[in-house]
Amino acid sequence: MSGMNNARLAGVKNDVLAGCVVAVSMVPEAVGFSLVAGLSPIVGLHTAFIIGLVTALFGGKPGMVSGAAGSIVVVLMSLASEHGMDYVLWATIFAGVIQIAIGVLRLGKFIRLVPLPAVHGFVNGLAIVIMLAQLHMIAGQGPMMYALVLLAILVVCLFPKLTKVIPSSLAALIVVSAVAIGFNLHTLRVGDMADISGTLPSFHLPAAPLNLETLRIVLPYAVVIALVGLIESLLTMTVLDEMGNKKGNGNRESIAQGAGNALCGMFGCFAGCAMIGQSIINFTSGGRGRLSGTVGALLLILFVVSLSGYIGLLPVAALAGIMLVVCYNTFEWSSLRRLRRMPKADVLVMLVVTLITIFTDLAMAVISGVIISALVFAWQHARISVRRRQQKGDLAVYQLEGPLFFGSAASFAELFDPANDPDQVVLDFAGTRVMDASGVEAIDKLTGRYLEAGKRIRLRHLSPDCVRLLAKAGPFCSHELDDPRYFVAEEDYQPEAGEAGAGEVRRT
């Protein structure tokens, strides 16, 4: 019993300490992303507090950290500059509603459609983006900045060899801050980036009228924000699932993200989502429970309200050094080692997603990865062939093998020569499955070619629902005792009573 209590106390300690590191590490990013969008730094800090607290308490993955994310700020930049903050708030509210709807309808499972190479590309791309942001922040700051960044990196890497009582990232923050403040070194501080002092967020509905014109402007942004936020959050969850060997709940996370964003819009903040950098900092610092994210969010708002002067003294070098180590650990180095053994299509998907993540945005990157993977899958499986052809006198029997669908319909037509075949032809579909309407149409066209050539054709081993969908070939189908009982992927097809599998519907 005492062992269980000790484990719980250790977990609480790790969560609290990890939350402290997360809170401090979120300050410069929230401030920086706000400035990028042309908004007050307080807006980004309030966003990180609200969505961070809501998802920490109710999200689908304990230990995952949400806040003001750069991927969403990129989407909001043009809306903020062209129409102002009130339209940003409406877009944020509607994005939250859309995310709640996705969670309620249990559509979060579709993240499974994202192939592993695309996940690796997403992680690698974000690691590079976060690294470039840190390098941009410290560039041109002089040797002192570089020396402090190097000190932070060394402490993060070497401190775990001494003790694991406190997280190495927190140790780096303490050591570098003590050196910079104790020796009064002239280096960039958090307070130099912007004034982070402020108050608690207050209820503030957008002043812009909610009419058709407003909806026309904000809804496209809201849809993109919702999808970008969920994609980044659910992919971050996938990464953490692999790190912790415990599966999160994507639909619950969608609802929590949506609720947090809707509240952000009602309290004068822009939208946010999960942050892979801070989430990995939290996980590697021992923060695996809901307490870590809760502590992080509460400390963040405490910094804003009461401790902004002290937080402003922290050297940016310490935070940059910690984040650079996070970038190194986030990057999927194993994916590079496997490049030679990976299929070329997977290599292409990973590289494309990585590059698009770096140069455009996450949503476009992941969608491109899914599309490329789907096209490659269709191409690789678009192989239908004649397994065996038997001819005896004026009768030829074709035994087919492989799926018949839109990808293989063209090659299917090239397998036969109606003009030179004998007068009687049998097509045996026992080794073939008709997958879609394109396959049905291909059978109809082939039947028409044989009939025009004056040949007798018979089709066998086609499923009953496929026979009913055939316009020309249907009358020439014969049914064997071992006819297959699959169903063509037609939207409106419903098996009749008495058929095998009756009551099941296969939909595209």
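Non-local amide H neighbours of Leu400 (under 5 Å, H modeled in plane, Pro and chain starts lacking H): which ones?
It is Arg387, Asp428, Ala430, Gly431, by chain and number.
Compute, for region 339-413, the length of the dipole vector about the Cα centre, with Cβ point charges of +1 (Lys, Arg) and -1 (Asp, Glu) only. Units Debye, rounded to 20.
Magnitude of the dipole: close to 440 debye.
Check cross-link reach from Lys246 to the lysines: straight Cα distance under 17 Å, and skip same-chain residues fewer than eight apart.
Lys246 reaches Lys61, Lys109.
FRET efficiency for Ser334 and Arg388, Cβ-Cβ distance as r, R0 = 56 Å, nearest 0.05? Walk me through the numbers on the way to the answer.
On the way: r = 44 Å, r/R0 = 0.79.
The computed FRET efficiency comes out at 0.80.
Hey, what did region 385-482 get for relative contact order, percent, Cα under 8 Å, at least 6 apart? Spell out each step's value before the answer.
On the way: 173 pairs, mean separation 25.2, N = 98.
The normalised contact order for region 385-482 reaches 26 percent.
With only Lys, Arg, Asp and Glu charged, each at its Cβ (+1 for the first two, -1 for the last two), find how big the charge dipole of the chain is about the Cα centre; round to the nearest 20 debye.
The calculation lands at about 1480 debye.
Need one number: % antiparallel among DSSP beta bridges in region 385-482, to the nearest 5. Please report the intermediate quantities before stating the final value.
On the way: 7 of 21 bridges.
About 35 percent, rounded to the nearest 5.
Could you do me a favour and compute the accessible area per residue for the chain, 1.4 Å probe, result in Å²? Walk me through the numbers on the way to the answer.
On the way: 23500 Å² over 508 residues.
That works out to 46 Å² per residue.
Sort Glu232, Glu441 by accessible area with a 1.4 Å probe, largest first.
My answer, sorted largest first, is Glu441, Glu232.
Figure the gain on full extension for Leu212 and Glu82 (residue separation times 0.36 nm, minus the Cα-Cα span) and round it to one decimal in nm.
Net length gain for the segment: 45.0 nm.
Could I have the simple spin-label model distance between Leu451 and Arg252, label points 7 Å from Cα toward Cβ, reported in nm to one decimal?
Placing both labels 7 Å beyond Cα along the Cβ direction yields 5.8 nm.
Report the gain in length on full extension from Leu375 to Asp192: 0.36 nm times residue separation, minus Cα-Cα distance, nm rounded to one decimal. If you can, show how the numbers build up before the last one.
On the way: separation 183, 0.36 × 183 = 65.88 nm, distance 4.97 nm.
Fully extending the segment from Leu375 to Asp192 adds 60.9 nm.
How much accessible surface area, in Å² rounded to 10, belongs to the heavy atoms of Arg460 with a 1.4 Å probe?
Per-residue accessible area (Arg460): approximately 50 Å².
Report the extension gain between Val74 and Glu242 in nm, rounded to one decimal, defined as 0.36 nm multiplied by the number of residues separating them, less their alpha carbon distance. Could the numbers behind the result be given before it?
Values: separation 168, 0.36 × 168 = 60.48 nm, distance 2.81 nm.
That pair, Val74 and Glu242, stretches by 57.7 nm at full extension.
For the ranges 9-20, 90-101, 345-356, what's the packing order if you count other beta-carbon atoms within 10 Å of each residue, average per peptide, and put the highest first?
90-101, 345-356, 9-20
May I ask you to derive the relative contact order of the chain, considering only C-alpha pairs under 8 Å and at least 6 residues apart, and to give it as an integer percent? Don't skip to the answer; put the middle values down first.
Values: 937 pairs, mean separation 114.6, N = 508.
Reported relative contact order: 23 percent.
Return the carbon/sulfur percentage of the accessible area of region 1-334, one whole number, probe 1.4 Å, all protein chains in place.
Numbers: 9550 of 13670 Å².
Here it works out to 70 percent.
State, to one decimal in nm, how far the label point of Glu441 lies from the label point of Leu395, with both points 7 Å from Cα in the Cβ direction.
3.4
Provide the percentage of antiparallel DSSP beta bridges, counting only those with both residues in the chain; round to the nearest 5.
40
Would you list the membrane-span-like helices of the chain, meaning whole DSSP H runs whose alpha-carbon atoms span at least 15 Å along their axis and whose mean Kyte-Doolittle value is at least 0.5? Walk me through the intermediate numbers first.
On the way: long enough: 2-36 (51 Å, 0.90); 41-58 (26 Å, 1.97); 70-83 (19 Å, 1.35); 85-104 (29 Å, 1.69); 116-138 (33 Å, 1.63); 143-162 (28 Å, 2.21); 168-182 (20 Å, 2.24); 212-244 (46 Å, 1.43); 250-266 (24 Å, -0.16); 290-305 (23 Å, 2.12); 316-330 (21 Å, 1.91); 344-359 (22 Å, 2.18); 362-381 (28 Å, 1.80); 437-452 (23 Å, -0.16).
Both cut-offs are met by 2-36, 41-58, 70-83, 85-104, 116-138, 143-162, 168-182, 212-244, 290-305, 316-330, 344-359, 362-381.
The values are calculated or read from the model by the stated rules, or taken from the named source; none is laboratory data. Here the structure is a predicted model, which is why all the values come from computation and not from measurement. Cβ sites come from the backbone with ideal geometry, for glycine too, and all protein chains shown count toward neighbours. Just so you know, the surface numbers come from the protein's heavy atoms only, side chains and all, with ligands and any DNA or RNA stripped out. Shrake-Rupley method; radii C 1.70, N 1.55, O 1.52, S 1.80 Å.
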